[in-house]
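Taking it in order: structure first as structure tokens, then the write-up.
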Amino acid sequence: MSRYPQFNVNNEHQLIRRQNTYVLDRKLVTIHTEDRDINKWPHPNYFEVELPATLSNVQSMRLVEIQLPSNRYVFSNNQQNTKLQFYLRPNLSTETEKYTALAININNPYTITIQEGFYTPDEMAYELEHSMNNAVSDFLLTDPSAASVGATYTNFKVHYDRVGQRMYFGNTYDGFVLPFNVKVDYTIPCNAIVTDHQSPNVWDQYTNWGLPSYLGFNKTEYTPIETSGNVLFNYEANNIWLSPDPTYLPPTYTAYAYYVASPQTISMFGDGVIYMEFDKFNTMDELKPYVERTNNMYNNDYNGRVNSAFAKIPLTYTSQSSLIFDSTNIYLQNVSQYQPPIDKIKKAKFKFRYHDGRLVDFKDDNFNFTIAFNQLKDEIAREYVVRVPDDY
């Protein structure tokens, strides 16, 4: 008989039970858009970086903080919302050369292009008024019959009704037409659209289809209301906005002014949220915007995207130089969990877009954000007895 102790190795009830014990380790990674290779990724709205260390066994991720520049352009060529067309219907005038030139051009539209950027409603009214008058003046300066007299045009008036929140187009002398049922063409660079979630032509949408949509107008032709009296707003101290101008009117003719009011309120502050995509690790589902045939048996355009975004970032508009959001307040509630855990993450590719797929135009202004990676790490379970001093 052996002098060593004998153990029952076939016993299924071992004294120390085998357990898989893990600790959830949180790794914060801060990423700045200037960390990207600018030769490969020229714009901060779409870029890839390599992480400082390979992260393994990632159970969940979260955008915990982001600092965005506040100088996003709501109106830009890429958004296809900077152009507007109108026709002029000139009335008979004692300025013969000027009237003749405008009358000959009655069937040709004038096109204006506003400056790219962000506008308050009053700033937009001033921009539109000056652009429309300048468009007619430029035509008169290039027309041989009118250029000789140095004719300029100042009859258009545009006003923002702060109480009704509507935009008014007016003219103190001539009639006009706003052909908002006609598509205006834009030249868009290829890098402005990088997803199949956006139609390359916003005209196909039923909202945000062009500058008139942001001003509260529909896709229809607008002819003005004719008035021989004043148009005024009682809440303003100098409440007369539009008056007929009889200065160059022939004798016995009645002076009229003309105006058009937008049927809806303005919507000039752009999208309310930005979607952040994290390539290969998106978990948020999204519906397709601008559907119109969901009841059709055939060609039904109801659609959605599974795992289309990683985080949804709300936007507020302030006069500060940046917008800061973090997960300690109500703004960020985005947590992505993965089962089974992600084996390894070495590179991270991000995209910042709107709901319809348009890339956010930061005008190459850099920003930064922080992502929390929660990793499962194997450990031997231990029970600690910790005495906390009273001073703590």
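The values are calculated or read from the model by the stated rules, or taken from the named source; none is laboratory data. Here the structure is a predicted model, which is why all the values come from computation and not from measurement. Backbone-built Cβ (ideal geometry, glycine too); neighbour counts: all protein chains shown. Side chains included, ligands, DNA and RNA excluded: accessible areas come from the protein's heavy atoms. Shrake-Rupley method; radii C 1.70, N 1.55, O 1.52, S 1.80 Å.
Listing for the model above:
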quantity: Near pairs, Cβ below 7 angstrom, 6+ apart or cross-chain, from segment 285-298 (at pLDDT 85 or above) to any residue that is assigned to a strand (DSSP E or B) and open to solvent by 100 Å² or more (accessible area, probe 1.4 Å); calculated: Asp285/Val306
quantity: Test: residue in segment 221-238 that is open to solvent by 60 Å² or more (accessible area, probe 1.4 Å), at pLDDT below 95 and in contact with a helix residue (DSSP H, G or I) (Cβ under 9 Å, 6 or more places away or on another chain); calculated: no
quantity: Residue count for segment 243-266, restricted to those that are open to solvent by less than 30 Å² (accessible area, probe 1.4 Å) and farther than 13 Å from Asp161 by Cα; calculated: 5
quantity: Check on Asn57, touching a residue at least 24 places away in the same chain (Cβ under 8 Å), outside any strand (DSSP E or B) and touching a Phe, Trp or Tyr at 6+ places or on another chain (Cβ under 9 Å); calculated: no
quantity: Which numbered condition Phe269 fails, given (1) part of a strand (DSSP E or B); (2) closer than 30 Å to Asp122 by Cα; (3) open to solvent by 70 Å² or more (accessible area, probe 1.4 Å); calculated: (1)
quantity: Inter-residue pairs, beta-carbon under 9 Å, first under 30 Å from Phe373 (Cβ atoms) and aromatic (Phe, Trp, Tyr) and in segment 7-33, second surrounded by 10 or more Cβ atoms within 10 Å (Cβ to Cβ) and modelled with pLDDT of 60 or more, 6+ apart; calculated: Tyr22/Asn57; Tyr22/Gln59; Tyr22/Leu376; Tyr22/Lys377; Tyr22/Glu379
quantity: Count of residues meeting criterion [surrounded by fewer than 20 Cβ atoms within 10 Å (Cβ to Cβ) and not hydroxyl-bearing (Ser, Thr, Tyr)] in segment 79-89; calculated: 3
quantity: The listed residue being more than 24 Å from the chain's Cα centre (by Cα) and in a loop (DSSP other than H, G, I, E, B), out of Asn208, Asn218, Asn282, Asn299; calculated: Asn299
quantity: Pick from segment 272-293, criterion open to solvent by 60 Å² or more (accessible area, probe 1.4 Å) and acidic (Asp, Glu), ranking: nearest to Pro314 (Cα to Cα); calculated: Asp285
quantity: Residue match in segment 91-105 (condition: hydrophobic (A, V, I, L, M, F, W, C), closer than 30 Å to Pro69 by Cβ and in contact (Cβ under 8 Å) with a residue 40 or more places away in the chain); calculated: no
quantity: Set Thr252, Thr283: member being polar (S, T, N, Q) and under 30 Å from Phe86 (Cβ atoms); calculated: Thr252
quantity: For Leu84: the one exception among (1) out of contact with any Leu (no Cβ under 6 Å at 6 or more places or on another chain); (2) in contact (Cβ under 8 Å) with a residue 24 or more places away in the chain; (3) part of a strand (DSSP E or B); calculated: (1)
quantity: One residue from Leu63, Leu92, Leu28, Leu24 being closer than 27 Å to Asp364 by Cα, of a type outside the set (D, E, K, R) and surrounded by fewer than 17 Cβ atoms within 10 Å (Cβ to Cβ); calculated: Leu28
quantity: Residue in segment 362-391 that is modelled with the lowest pLDDT, counting only those that are part of a loop (DSSP other than H, G, I, E, B) and among the aromatic types (Phe, Trp, Tyr); calculated: Tyr384
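One line per residue, one yes/no per condition, for (1) more than 30 Å from Leu141 (Cβ to Cβ); (2) at pLDDT below 95; (3) out of contact with any helix residue (DSSP H, G or I) (no Cβ under 8 Å at 6 or more places or on another chain):
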position: Ser2; (1), (2), (3): yes, yes, yes
position: Pro5; (1), (2), (3): yes, yes, yes
position: Val23; (1), (2), (3): yes, yes, yes
position: Val49; (1), (2), (3): yes, no, no
position: Met61; (1), (2), (3): yes, yes, yes
position: Ser70; (1), (2), (3): yes, yes, yes
position: Lys98; (1), (2), (3): no, yes, no
